[in-house]
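So the structure is just underneath, and the comments pick up after that.
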Amino acid sequence: MIALSGPLGVGKTEFARGFIRTLAGRHGAAAPEEVPSPTFTLVQSYDLSRVTVWHFDLYRLVRPEDAEELGLDEALAEGIALIEWPERLGDRLPRERLDLALAYADAPERRVAALTGHGAWRGRLADA
């Protein structure tokens with residue numbers, strides 16, 4: 001799981017688009033023509049031949065329990081979950097995750113990214 005956080009418009013969805021397209025290329029799958037923001041659908045999935053990526057946007061999630069209906073448990077067990085607005089999961093936020101926090105930098109077109117590993121991700125970041 002990659003938890004994408006940051007203010008509105010900072011580039012969480014753009015990161016997800018790039019991640020999905022790059023991963024498709026590395027797995028020999030055709031890159032999706034469109035990678036729409038799941039703001040209204042709450043979740044989009046992409047079968048990239050060897051792995052499925054679920055892209056969640058939890059901005060409109062009312063209660064953490066509502067994530068169960070979106071297939072979050074399946075995504076975490078079987079593929080890669082990119083989750084925008086992960087704080088909406090409250091105490092249901094998985095312990096095994098990589099946090100990617102995006103923030104605006106000193107110029108409007110620049111961003112700053114910070115990675116924080118939790119669980120096994122902590123060791124993976126230390127080894128990188």
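Things to note:
- Pair-distance distribution of the chain: all C-alpha pairs, bin width 5 Å, starting at 0; shares per bin in whole percent are 2, 10, 20, 23, 22, 15, 6, 1.
- Translational D in µm²/s for segment 25-74 (Stokes-Einstein at 25 °C, 0.890 mPa s, Kirkwood Rh from C-alpha pairs): 203 µm²/s
- Burial ranking of peptide ranges 29-40, 91-102 (average Cβ count within 10 Å, highest at the top): 91-102, 29-40
- Pairwise Cα inverse-distance average, inverted: Kirkwood Rh of segment 54-117 (Å): 13.0 Å
- Relative contact order (%) - the chain, alpha-carbon pairs under 8 angstrom, separation at least six: 29 percent
- Summed residue charge, Cβ within 15 Å of Arg60's Cβ, Lys/Arg positive, Asp/Glu negative: -3
A short reminder: the numbers here are calculations on the coordinates, not readings from a lab. Being a predicted model, the structure only gives us computed values, none of them experimental. Neighbour counts are summed over all protein chains in view; Cβ atoms, including those assigned to glycine, are modelled from backbone coordinates with ideal geometry.
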